[in-house]
Amino acid sequence: MEFRTDRPIYRQIIDYAFAAILSEQWRQGERVPSVRELGTELAVNTHTVLKAYEYLTDRGIIAVRRGMGYFLDADAKAKVNADRREHFFETSLAELFEQMQLLGITIDDVVAHYNEFCKSRRCLD
């Protein structure tokens, strides 16, 4: 995995875990790679992986079973989607609104572009 310099590595590991969960590479209810295994796989310090796992544990996405390792929660996909939505509304959308204000883009402009986008792609109703 190649890490970007514009984002903390532990956050990129969280994104990696989210992708593994959503693609079902990590299956709900099953064991996920240990901190050491994932550190080796991604060629990062185990403390960095542990920080990412603490984030996932705090949100109930994974749980540690004493002596057995980390396991994916049965509702992991739903929790990942909820976490991603929260991040979108708190961070991404706020950044978008700032850019819109700087560029003089109105919400009507965005809606018009969204409608054009949806003409050629399936969009949510």
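The values are calculated or read from the model by the stated rules, or taken from the named source; none is laboratory data. Since the structure is predicted, the reported quantities are computational estimates derived from the model, not experimental observations. Every residue, glycine among them, receives a Cβ derived from its backbone with ideal geometry; neighbour counts consider all protein chains shown. For the accessible areas, the whole protein counts, side chains as well, though only heavy atoms, and no ligand, DNA or RNA atoms are used. Shrake-Rupley method; radii C 1.70, N 1.55, O 1.52, S 1.80 Å.
Overview of values
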quantity: So VAL64, is it out of contact with any helix residue (DSSP H, G or I) (no Cβ under 6 Å at 6 or more places or on another chain), part of a strand (DSSP E or B), free of Cβ contacts under 8 Å to residues at least 12 places away in the same chain and open to solvent by less than 100 Å² (accessible area, probe 1.4 Å); calculated: yes
quantity: Top-ranked residue in the range 1-27 [being of a type outside the set (Val, Ile, Thr) and touching a Leu at 6+ places or on another chain (Cβ under 8 Å); ranked as modelled with the lowest pLDDT]; calculated: MET1
quantity: Any hit, the range 79-86, residues being surrounded by 11 or more Cβ atoms within 10 Å (Cβ to Cβ) and β-branched (Val, Ile, Thr); calculated: yes
quantity: Search result, residues across the range 106-125 that are part of a loop (DSSP other than H, G, I, E, B) and open to solvent by 70 Å² or more (accessible area, probe 1.4 Å); calculated: ARG121, ARG122, LEU124, ASP125
quantity: Residue in the range 46-59 that is without any contact (Cβ under 8 Å) to a residue 12 or more places away in the chain and more than 21 Å from HIS87 (Cα to Cα) present; calculated: yes
quantity: Count - residues of the range 82-115 that are of a type in the set (Phe, Trp, Tyr) and closer than 20 Å to ASP15 by Cα; calculated: 2
quantity: Residue, least open to solvent (accessible area, probe 1.4 Å), within the range 26-46, restricted to residues that are touching a helix residue (DSSP H, G or I) at 6+ places or on another chain (Cβ under 8 Å) and outside any helix (DSSP H, G or I); calculated: VAL32
quantity: Positions within the range 70-94 being in contact with an Asp or Glu (Cβ under 9 Å, 6 or more places away or on another chain) and either in a helix (DSSP H, G or I) or of a type in the set (Gly, Ala, Ser) (or both), in sequence order; calculated: LYS77, LYS79
quantity: Subset tally (residues that are of a type in the set (Asp, Glu) and open to solvent by less than 20 Å² (accessible area, probe 1.4 Å)) for the range 1-25; calculated: 0
quantity: Test result for VAL49, at pLDDT 95 or above, assigned to a helix (DSSP H, G or I) and either open to solvent by 90 Å² or more (accessible area, probe 1.4 Å) or β-branched (Val, Ile, Thr) (or both); calculated: yes
quantity: Cross-chain or 6+ apart pairs with Cβ under 8 Å, the range 20-40 first and closer than 13 Å to PHE71 by Cβ, then open to solvent by 50 Å² or more (accessible area, probe 1.4 Å) and aliphatic (A, V, I, L, M); calculated: GLN28/ALA74; GLY29/ALA74; ARG31/MET68
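For (1) at pLDDT below 95; (2) more than 14 Å from the chain's Cα centre (by Cα); (3) of a type in the set (A, V, I, L, M, F, W, C), each residue gets a yes or a no:
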residue: ILE61; (1), (2), (3): no, no, yes
residue: LYS77; (1), (2), (3): no, no, no
residue: GLU86; (1), (2), (3): yes, no, no
residue: GLU90; (1), (2), (3): yes, no, no
